[in-house]
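**Student:** Dropping the structure in here first, questions after.
The values are calculated or read from the model by the stated rules, or taken from the named source; none is laboratory data. Because the structure is a prediction, the values reported are computed rather than measured. Note that each Cβ is placed from the backbone with ideal geometry, even for glycine, and that neighbours are counted across all protein chains shown. The area values use the complete protein model at the heavy-atom level, side chains included, leaving out ligands, DNA and RNA. Shrake-Rupley method; radii C 1.70, N 1.55, O 1.52, S 1.80 Å.
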Amino acid sequence: MFLIHVSVPAHCAAVELVDGAPTRVLEPGRHRRARRATYVVVDLREQLLAVPPQEILTVDGVQVRVSAAVRWAIADPVAWLERATDPLALVYLGTQVALRDAVAGLTLDTVAQRGSGLDAAALTAAVASVARPVGVAVTEVVVKDVIVPAEVRAATLELATARQRGAAQLEAARAETAALRSLANGAKLLDDHPALARMRLVQSAPMGTQLVLRLGDDE
């Protein structure tokens with residue numbers, strides 16, 4: 001009797017359908033083909049779903065744009081084939097809703113400060129709960145970019161520039177105050193010790209003048 005076999009590639013699984021109903025899931029390798037059976041091969045390797053910038057309103061009514069990436073893989077081939085006509089579309093929608101929920105409860109200042117540091121664990125859990133019923137395992141949801149309006153970016157840059165300018169002016173004022181304090185201390189020291197003042201005068205005068213001053217001192 002001639003046996004017909006089916007081969008499943010590495011990193012894949014094959015769902016066996018007999019008269020349209022799933023009967024078993026075949027792992028990579030060579031398997032005996034059942035009568036009246038058809039096979040659908042699915043790729044089990046991890047894949048990446050890119051979610052382009054979504055426009056979301058913060059709690060204080062400012063619109064920001066948030067993008068994300070989802071690492072996912074097929075965990076249940078039967079559910080992947082039977083539960084939805086487009087399982088990945090449901091994962092995409094779940095990611096959009098999770099992003100909206102994460103950002104909508106925050107103020108613009110909080111979103112701008114956190115940037116792409118939004119709670120990845122909470123986002124991953126939210127998307128995974130939507131993806132699991134359709135046979136998808138979500139490994140991680142990563143926020144890629146948080147884009148605030150151009151007016152806010154300009155105001156933030158202006159504020160940072162003003163802070164830097166103020167810090168530079170403060171440092172210059174401190175240096176000037178320190179220099180004046182040093183001069184005042186020096187002047188007081190010379191007032192209290194006239195001999196030091198004459199010595200300082202001699203040291204700062206040209207060589208010929210120093211000789212005249214010293215002769216004058218001798219006289």
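**Student:** Is it the case that some residue within segment 99-110 is crowded, with 18+ Cβ neighbours inside 10 Å, touching a strand residue (DSSP E or B) at 6+ places or on another chain (Cβ under 6 Å) and at pLDDT 90 or above?
**Tutor:** yes
**Student:** If I filter segment 81-97 for residues that are assigned to a loop (DSSP other than H, G, I, E, B) and surrounded by 14 or more Cβ atoms within 10 Å (Cβ to Cβ), do I get at least one hit?
**Tutor:** Yes, the conditions are met somewhere in segment 81-97.
The rows are residues; the columns are (1) in contact with a helix residue (DSSP H, G or I) (Cβ under 6 Å, 6 or more places away or on another chain); (2) open to solvent by less than 50 Å² (accessible area, probe 1.4 Å); (3) not β-branched (V, I, T).
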| position | (1), (2), (3) |
| --- | --- |
| G29 | no, yes, yes |
| R35 | no, no, yes |
| T38 | no, no, no |
| L44 | no, no, yes |
| L49 | no, yes, yes |
| V59 | no, no, no |
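**Student:** Here is a list of conditions, (1) among the acidic types (D, E); (2) surrounded by 14 or more Cβ atoms within 10 Å (Cβ to Cβ); (3) within 30 Å of L106 (Cα to Cα), and E55 meets all of them except one; can you say which number that is?
**Tutor:** The number of the failed condition is (2).
**Student:** Restricting attention to segment 61-72, report how many residues are at pLDDT 95 or above and open to solvent by 20 Å² or more (accessible area, probe 1.4 Å).
**Tutor:** 1
**Student:** For segment 111-125, indicate whether the set of residues that are in contact with a strand residue (DSSP E or B) (Cβ under 7 Å, 6 or more places away or on another chain), open to solvent by less than 90 Å² (accessible area, probe 1.4 Å) and modelled with pLDDT of 90 or more is non-empty.
**Tutor:** Looking through segment 111-125, at least one residue is in contact with a strand residue (DSSP E or B) (Cβ under 7 Å, 6 or more places away or on another chain), open to solvent by less than 90 Å² (accessible area, probe 1.4 Å) and modelled with pLDDT of 90 or more.
**Student:** Determine whether V91 is at pLDDT 95 or above and touching a Leu at 6+ places or on another chain (Cβ under 8 Å).
**Tutor:** yes
**Student:** Which of the strands (runs of 3 or more DSSP E) found entirely inside segment 1-73 contain at least 1 residues meeting this: in contact with a Ser or Thr (Cβ under 7 Å, 6 or more places away or on another chain) and in contact (Cβ under 8 Å) with a residue 12 or more places away in the chain? Give the steps one after another, and end with the answer.
**Tutor:** Details: elements: 5-8, 12-18, 21-26, 29-32, 37-43, 47-57.
Where strands (runs of 3 or more DSSP E) fall fully within segment 1-73 and carry at least 1 residues being in contact with a Ser or Thr (Cβ under 7 Å, 6 or more places away or on another chain) and in contact (Cβ under 8 Å) with a residue 12 or more places away in the chain, they are 12-18, 29-32, 47-57.
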